[in-house]
Amino acid sequence: MLKTLNQIKDEFQLIAENHRQINNYYWGDFLSAMKREDDNGRRLYKYLIVTPTSTAHTMDSTALSLLITVCDKQLKNNDDRDDIHSDCVQILNDIFTTFLEDRWQEFCDVSTASTNLFVEKSLDAVAGAVMNVTLRIYSEDNACAIPYVTDSPLVPNN
């Protein structure tokens, strides 16, 4: 694989650090992200949460399915829900557009993406959008690249 899962995680960290509307990033599941607080006991919003859900392998690539969530805390009267949904969808569009840039196209392409809006009342009342995306990560792997011991019968041409 040209990029490992940890390297993909780092790419999303770069997106979070450089997008002016994203204030927090978490790699993992939504509920765990919602439990995290800063040193002052607060959750910083807008939040980018990337949840890997599955992988599938072919001869020349690995398909990595992700749920990419952007959410923000709602006002108590929910009057800002439409604005939050609009902002979160736009941020997801920005991320999707980033996938189309050369930096990402060097190691993957996007095979599917769909977005849904949500409202969640966990520790905070949040609204946002989640994009279900599958990245096809190119692979140059072959049996010679597998870290088998040198005299293993599994090593090609041994």
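Consider region 109-123. How many of its residues are at pLDDT below 85 and out of contact with any helix residue (DSSP H, G or I) (no Cβ under 7 Å at 6 or more places or on another chain)?
3
For region 30-60, which residues satisfy the criterion of being among the hydrophobic types (A, V, I, L, M, F, W, C) and either farther than 30 Å from ARG136 by Cβ or surrounded by 18 or more Cβ atoms within 10 Å (Cβ to Cβ) (or both)?
Of everything in region 30-60, those that are among the hydrophobic types (A, V, I, L, M, F, W, C) and either farther than 30 Å from ARG136 by Cβ or surrounded by 18 or more Cβ atoms within 10 Å (Cβ to Cβ) (or both) turn out to be PHE30, ALA33, MET34, LEU44, LEU48, ILE49, VAL50.
The values are calculated or read from the model by the stated rules, or taken from the named source; none is laboratory data. All of these numbers come straight from a predicted model, not from anything done at the bench. Glycine gets a Cβ as well: all are built from the backbone with ideal geometry, and neighbour counts include every protein chain shown.
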